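Have a look at the structure below, then the notes.
Laboratory data are not the source of any read-out in this text; all were calculated from the coordinates shown. None of the values given here were measured: they were computed from a predicted structure. Note that we place each Cβ from the backbone using ideal geometry, even for glycine, and neighbour counts take in every protein chain shown.
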Amino acid sequence: MIFFEPNVLEFLRPTDIYLIGELFVPVVLWSTMNVVLTVSQYISTIMQGLDRVGMESEIRLSTYWNSLVFFANIAEFISTVSYVALIVSMIFLAKFIHIQLYVIDGVIISSWISIILAIIIRAKKYPEIKEYIPVKSLLKEYAAPLLVASAVLYVLKYPLMIVFAPTVSAIMGLARLAVLLVITTLVYAVSSAAISGRVRPLIRTVLARYLKWFKMSSGA
């Protein structure tokens, strides 16, 4: 989304080519927001998966209120309510500080606030989450491969943009986006496999299962 924004916007809004470039910052904010949202959902999944309250006895309402499942879900509820409640005020704030695309940025800012709020609530109730997402591992397993992949994509961006230039054709635009998606995925996968010791066995497992599925589906 970030590196090939012109292709994405050309495909989604072929009559609004002037938005290419102007929407770059919102695209970056939206893309990184989705990464943070994934972290928030991961924390929620851990909280609900580890909670054994009520599993060995009768499940009562009071038991649910004291469980990690409740706090994981209430964080999602509060996040959703705050997102809706903040949209209008964030749009007016963005307009007040003279952001050009204030409606889009205002909505994205309200999303950021709601997601961070959910993470804070979950981390406060379950501080042990740091054992599952240690900062050192996060830097090595995620941030380092991301930086390397970003550097490679930055170098490849302009040659790829020449070969896969934006087009008003919906079919060709979709095909080129698919190719760029595959290239981006491969660059990140190779970077992760080269740096992260945890990613390599994951890739091997996924490939082994895919090959097994392919053999079964082909009748081999």
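With an 8 Å Cα cut-off and a minimum separation of 6 or more residues, compute the relative contact order for the chain in percent. About 23 percent, as a whole number. Extension gain for the segment I17 to V155, taken as residue separation times 0.36 nm less the Cα-Cα distance, is 47.3 nm to one decimal.
A simple charge model with +1 on the Cβ of Lys and Arg, -1 on the Cβ of Asp and Glu and nothing else charged puts the dipole of the chain at about 720 debye relative to its Cα centre. For L101, no residue 5 or more places off, or on another chain, has a built amide H under 5 Å of its own.
Computing Rg and Dmax of the Cα atoms in Å for the structure here picks out one of (1) 21.6, 64; (2) 19.8, 55; (3) 19.0, 58, namely (1). Each label was represented as a point 7 Å from its Cα along the Cα-to-Cβ direction; for A189 and L211 these points are 1.3 nm apart.
Grab the other residues whose beta carbon is less than 15 angstrom from that of S79, score K and R as +1, D and E as -1, and report the net.
Once all neighbours under 15 Å are counted, the net charge is +2.
Each residue of region 12-25 is assigned a 3J(HN,Hα), and the resulting list reads 7, 10, x, 8, 10, 5, 5, 6, 4, x, 5, 8, 4, 4 Hz, derived from the Karplus form 6.51 cos²θ - 1.76 cosθ + 1.60 (θ = phi - 60°), x at Gly and Pro.
Using a simple spin-label model with pseudo-atoms 7 Å out from Cα toward Cβ, N73 and Y132 lie 1.7 nm apart.
Rounded, prolate or oblate: which one fits region 136-220, using the alpha carbon gyration tensor with axes a ≥ b ≥ c (rounded when a/c is under 1.5, else prolate when a/b beats b/c, else oblate)?
oblate
Karplus-based coupling profile of region 67-80, in residue order and whole Hz: 9, 5, 4, 4, 5, 5, 6, 5, 5, 5, 5, 4, 4, 5, with θ = phi - 60° in 6.51 cos²θ - 1.76 cosθ + 1.60 and x standing for Gly or Pro. Summing Lys and Arg as +1 and Asp and Glu as -1 over all other residues whose Cβ lies under 13 Å from the Cβ of G197 gives a net charge of +4.
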